[in-house]
């Protein structure tokens, strides 16, 4: 593990990914290990600049102006390399999240369609906004795939969910699917947290 360098943003340190590396779920752990390597690469590149800068300043053949320019160039190159590494990691995790979401939706789908989906949506539409969200959530807790799928697989206006804000609808959908498949639901939640950590690290590099 890399030593702490006070001149490098702590959010880029490899220890940030440690909780994901040690996660009990092997999928999360695997992604955590890949992410940790990206953190190590970015952090190492940023930490190495101090030595590069010292070598430049120690070069007596360079004028003070040339030294300052070369130090600035070295820091800019290190930041650029670190940003590229973490940007690629954020993109990798985004793709992993999309894949997990697709798998979660697939696992939540009922094996056989029934003729009652229209009635289910009609009933949900007759409820108040709050009751609709509770109804879908309770159905997911019971493992009622048919009810959840009937509501979430159709246009939102058919169930009256179009009244929800986009973030509320996304949260309802995510929570319901996660309850139907807790394992993949946990994987999805952890991957999103890992991506957030990588994005935070990326944003801290100047």
Checklist outcome for this item: Extend 7 Å from the Cα of residue 57 along its Cα-to-C-beta direction; within the range 1-41, residues with backbone N under 16 Å of that point are 6-8
Checklist entry - Using alpha carbons only, how many degrees (0 to 90, rounded to 10) separate the axis of helix 166-180 from the longest principal axis of the chain? => result 80
Checklist entry - What ranking do 120, 56 get, fewest neighbouring Cβ atoms within 10 angstrom at the top? => result 56, 120
Item to check | Sequence of 179, 106, 60 once ranked by neighbouring C-beta atoms within 10 Å, starting from the fewest | outcome: 60, 106, 179
Checklist entry - Quick one: Debye curve from the C-alpha atoms of the chain, no solvent, what's log10 I(q)/I(0) at q = 0.10, 0.14, 0.17, 0.18 Å⁻¹? => result -0.59, -0.85, -1.04, -1.10
Next on the checklist: Using 0.36 nm times the number of residues separating residue 107 and residue 3, minus their current alpha carbon distance, what extension gain do you get?
Outcome noted: 33.2 nm
Checklist entry - What is the helix-to-structure angle for 64-108, meaning the angle in degrees between its Cα long axis and the longest Cα principal axis of the chain, kept from 0 to 90 and rounded to the nearest 10? => result 20
Checklist outcome for this item: Contour minus Cα-Cα span, residue 94 to residue 24, at 0.36 nm per residue, comes to 23.1 nm
Checklist entry - Sorting 112, 31, 99, 13 on the 10 Å Cβ count, fewest up front, what's the list? => result 112, 99, 13, 31
Checklist entry - For the range 142-206, what class follows from the C-alpha gyration tensor (a ≥ b ≥ c being the square roots of its eigenvalues): rounded when a/c is under 1.5, otherwise prolate if a/b is larger than b/c, else oblate? => result oblate
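Bear in mind that the values in this text are calculations on the coordinates, not laboratory data. Keep in mind the model is a prediction, meaning the values are calculated, not measured. As a convention, Cβ positions derive from the backbone with ideal geometry for all residues, glycine included, and neighbour counts pool all protein chains shown.
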